[in-house]
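Rule-based calculations on the coordinates, nothing more; no lab input. None of the values given here were measured: they were computed from a predicted structure. Neighbour counts run over all protein chains shown; Cβ positions are idealised from the backbone, glycine included.
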Amino acid sequence: QVQLVESGGGAVQAGGSLRLSCAASGSTVARNRMGWYRQAPGKQREVVATISSGVIRGEGTTYADSVKGRFTISRDGAKNMVYLQMNSLKPEDTAVYYCNARIYYSGLPYTDYWGQGTQVTVSS
């Protein structure tokens with residue numbers, strides 16, 4: 001089983017910073033692609049950032065255009081943790097942020113696992 005628990009959300013003023021943490025079960029972080037997604041009220045869940053495992057290929061990261069240069073995703077496989085450092089926060093960053101683990105199986109589509117989410121509210 002894969003379990004993901006987010007923390008670190010809260011309320012912050014525009015221009016401020018927050019660091020989100022995701023604690024994962026077992027060796028999930030070390031073995032799989034991890035990511036952060038967010039969902040604002042009335043909107044679809046969208047990808048914010050991802051970080052590949054590096055097990056098959058070199059470790060790499062991706063970012064949504066809206067957060068590029070402001071957010072940084074990182075992992076600590078030994079601690080089974082994934083982080084999202086969010087700087088220069090904007091009101092439009094307000095959303096529930098979800099930790100994601102994407103697990104690939106040989107010859108099969110991937111399976112996504114999700115945490116419960118943590119609220120981030122940015123005031124102007």
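For the chain, the Cβ-based charge dipole about the Cα centre amounts to some 140 debye (Lys, Arg positive; Asp, Glu negative; other atoms uncharged). Taking the charge dipole of the chain about its Cα centre, with +1 at Lys and Arg Cβ atoms and -1 at Asp and Glu Cβ atoms, the residue from Gly35, Leu108, Leu20 reaching farthest to the positive side is Leu108.
For segment 1-61, a simple Cβ point-charge model (Lys and Arg +1, Asp and Glu -1, everything else neutral) yields a dipole of about 120 debye relative to the Cα centre.
Bridgeable lysines around Lys43 (alpha carbons under 24 Å apart, same-chain partners fewer than 8 residues away excluded): Lys68, Lys90. Note on the chain: percent of Cα-Cα distances in each 10 Å bin, starting at 0 and stopping at the bin with the largest distance, equals 14, 47, 30, 8, 1.
Its alpha carbons give segment 63-124 an Rg and a Dmax of 14.2, 48 Å. With the alpha-carbon atoms of segment 32-90 aligned to their principal axes, the span from lowest to highest coordinate is 36, 23, 21 Å, starting with the largest.
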